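Here the structure comes first, spelled out in structure tokens, and everything after it is commentary.
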Amino acid sequence: MTKKDSKKNYKYYLHRLFLFTGNNMIRRLLFVAGIFIAVYLLLFFTMLPPDVAMELGMPSPQTVYAPREAIDSYSTSRLKKEAARAVPHVYDHIPAMMEEGREAIRSFFREVVLARGLDEEEEKLAQLKQNLAVEIQDDSLRALLLQSDENLNDLQRRVERFFHEIMIQGIKEDGEQAAVRQLRQEINLLPFSPEIRLGMERLFIPLIQANMIYNEAATEAGRRAAEQAVEPVRILKNSLIIQEGERVTDKHIAQLESLGLLASPFHISGYFGLLLILILVFFVVIYYIYLFNQEIYENATYISLLGLVVILTLLLGLAARYFSGYLIPVAMGAILITVFFDSRLAVLFNIVLALSLGLLVDGEMRFFLVTVLGGLAAIYAVSRLKQRSDLARAGLFVAAMNMLAIIAIFMLDRGFRFEYDYLREFGIALIAGIGSGLFSAVMAIGLLPFLESAFGLTTAVTLLELADPGRPLLRKLLMETPGTYHHSILVGNLAEGAAEVVGADPLLSRVAAFYHDIGKVRRPHFFVENQFGGDNPHNNISPNLSALIIRSHVKDGLELAQEEKLPLPVKEIIAQHHGNSLISFFYQKAVEQSENKGKNMQAPGEDEFRYEGPLPQTKEAAIIMLADAVEAAVRSLAHPAAGRIEGMIRRVIKEKLNDGQLDEAPLTLKDLDRIGDTFVRILSGLFHQRIEYPEKELRAGLERERNKNGSVGKQPTRSNFRSR
């Protein structure tokens, strides 16, 4: 086979590999396999029991004596570490730093004196700025140039003394900030103007550098010498290692290992047993997701996110178990799964994670019960999130639940006793349980934005925060474009109602509707809802320019959304909410103008009067496009009777469908019919007819209210007036 043929085969197999992994099913299988292997390895290396006669923390089943003499590595290591910690750090002093700083100060003041000898103020300032090695504000330089020789000499003496005092103390590599703070305190006490003091700060800060450099080699050499000076502790032959019934400690294990009395920790039966258990757990979880969470089952991104949350929870649980089994943060995984997916799935994973991590802590049921109850409390606390701070409240819920569960377990297991060992163990358990709740909430709050960004997801927490009317962008929309603001609120109501009936995301639809027209804040008076009967600026410009201005609010909205760091789904809806619709009013106006100018005038093209797109790609984007168009059309009706409202709504939806604006949106004709019904119901309620009370009848009603209240001068209350 030639080199050329080998290269072709390589490209062919690489292409086949890309096609293979590009398949959604294959990608999901690969993710599941990767998660399975990662979880298995985590559990395998931490959960399998060693094949030894001794277990750490358990009573020894026998008395053991040293069969031979050996080095006690445990005690020797502790003595060496203590000796090494006692060796102080070694630093090398660099005197040249002080001399260089002094010379820089003297050079600065020499330049000031030379500049003062010039005639023009601006010339003095320009020369001084040009010759200085540091950048100092003009106000500070002008103040220095105005000082007398005596004052300059006094200032120089003072600052040189400050610099000398600080540098002679010695500045370590991690002590530069402290030295700068000390210098600033000294400079602030100078009897000179604030401008001069600020200039001295700018002069000194670059000069404050570490002149005591940590000598790692010398320090390590000292530590090694101290460690080598420690005499090894020896285990003498026939010395007692551990008695029968005595609790096994780390020291016992280390001594047994030094003596070679511990057997190999590998168990082939445990290997297959763990594999079988994990296969069963994965099968149950995957089948549950297949039955009740099809959108997760069919999405490789969601599967990878679930796997990452599980692995992170297991890793943190493995680390926490070395302190206490009550510290295991299963609630963190429960919070994240509830926020990203739903509470039912979180309950399943809460049980699975609690069971897995409970087995790692000697399989004790008490740890399993506490972690399960704490996770359930977390799920309950975040199942109806309104703001991000609710996640912190969830931590308090978990901490309280853990505390109550631990108290109940201790009382059930041994009863309450005022004994030192009991109270110590009880106190540690309570601290661990409370810490687990708080730690879980802190980790969930910290991980949430990173996971949202990494996986391109937008949670309900973020959307609820964006829906707050106090957000700067919404406040700006209200204050600068009140007509657009109220239009957006109504579009949000329409979109939320429509999303509920077609299986879209109601919260995303409402929030995206609030922001869909934010680009109008750039040129508010060019949009009719913000003109309030005033002059229409479009009357003074060409239809082409008017269409360009109208069309630009989409681009302006995307720029504002980027500045505000709005989530990707909201930005996509801003870009898609007009699709490539025709700006018909100005197009017709342009056509009329071209016809009036004569036959030789070329008719304008539709492309010049269309939005740039793209077309709506999601149900939410399509719903907001329809709600936006329907609200504007219905508001334009002179007499919005119920029949006219419904007719207008059906016509607008049909026009969008015929114009191809919904070609790429996952909506069916049945969905469009349901959306139309929802729009009719909401807008008919908004524009319902009201009864106009005749003036005589209104006066008679007011008089009756006065008589009823027993006083001629007493006005009827608002509640009474409503009840009538």
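Read the figures in this text as sums done on the coordinates, not as results from a lab. Keep in mind that this is a model prediction, so the values were computed, not measured. So basically every Cβ, Gly included, is an ideal-geometry build from the backbone, and we count neighbours across all protein chains shown.
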Here, trypsin sites (Lys or Arg not before Pro) of the stretch 509-602 satisfying both criteria (DSSP loop; at most 15 other Cβ within 10 Å) are 565, 597, 599
Translational diffusion coefficient, Stokes-Einstein: compute it for the chain using the Kirkwood radius over C-alpha pairs as Rh, at 25 °C and 0.890 mPa s, and state it as an integer in µm² s⁻¹. 71
Could you derive backbone 3J(HN,Hα) for the stretch 436-452 from the dihedral phi with the Karplus parameters 6.51, -1.76 and 1.60 (θ = phi - 60°), listing whole Hz in sequence and x where the residue is Gly or Pro? 4, x, 5, 5, 4, 5, 4, 5, 5, 4, x, 7, 4, x, 5, 5, 4
The stretch 481-540: chymotrypsin sites (Phe, Trp or Tyr not before Pro) in DSSP coil with no more than 10 other Cβ atoms inside 10 Å: 532
Test of the criteria: in the stretch 320-386, which trypsin sites (Lys or Arg not before Pro) are in a DSSP loop and have at most 13 other Cβ atoms within 10 angstrom of their Cβ? 384, 386
Treating the beta-carbon of each Lys and Arg as +1 and of each Asp and Glu as -1, no other charges, what is the dipole magnitude of the chain about its Cα centre, to the nearest 20 debye? 2060
Beta bridges per DSSP with both ends in the chain, % antiparallel, nearest 5: 90
Relative to 2.2 N^0.38 Å, what does the C-alpha radius of gyration of the stretch 91-214 come to as a ratio? Two decimals please. 1.08
One point scatterer per Cα, no solvent, Debye formula: log10 I(q)/I(0) for the stretch 489-686 at q = 0.13, 0.17 Å⁻¹ comes out as -0.72, -1.20
How do 649, 303 line up, fewest other C-beta atoms within 10 Å first? 303, 649
Contact order normalised by residue count of the stretch 489-686, Cα under 8 Å, 6+ apart, percent: 25
So for 249, 481, fewest C-beta neighbours within 10 Å to most, what's the order? 249, 481
Per residue of the stretch 167-179, in order, report the coupling 6.51 cos²θ - 1.76 cosθ + 1.60 (Karplus, θ = phi - 60°) as ³J(HN,Hα) in whole Hz, putting x for Gly and Pro. 6, 5, 5, x, 10, 7, 4, 9, x, 5, 5, 5, 5
Dipole of the stretch 91-214 (Lys/Arg Cβ +1, Asp/Glu Cβ -1, origin at the Cα centre): which of 140, 189, 153 lies farthest to the positive side? 189
Roughly what angle does helix 543-563 make with the longest principal axis of the chain, taking Cα atoms, 0 to 90 degrees, to the nearest 10? 20
Semi-axes of the equivalent ellipsoid of the stretch 350-476: what are they in whole Å, largest first, if each equals the square root of 5 times a C-alpha gyration tensor eigenvalue? 36, 16, 11
What one gets for the stretch 275-457 as the Kirkwood radius, inverse of mean 1/r over different Cα pairs in Å, is 16.6
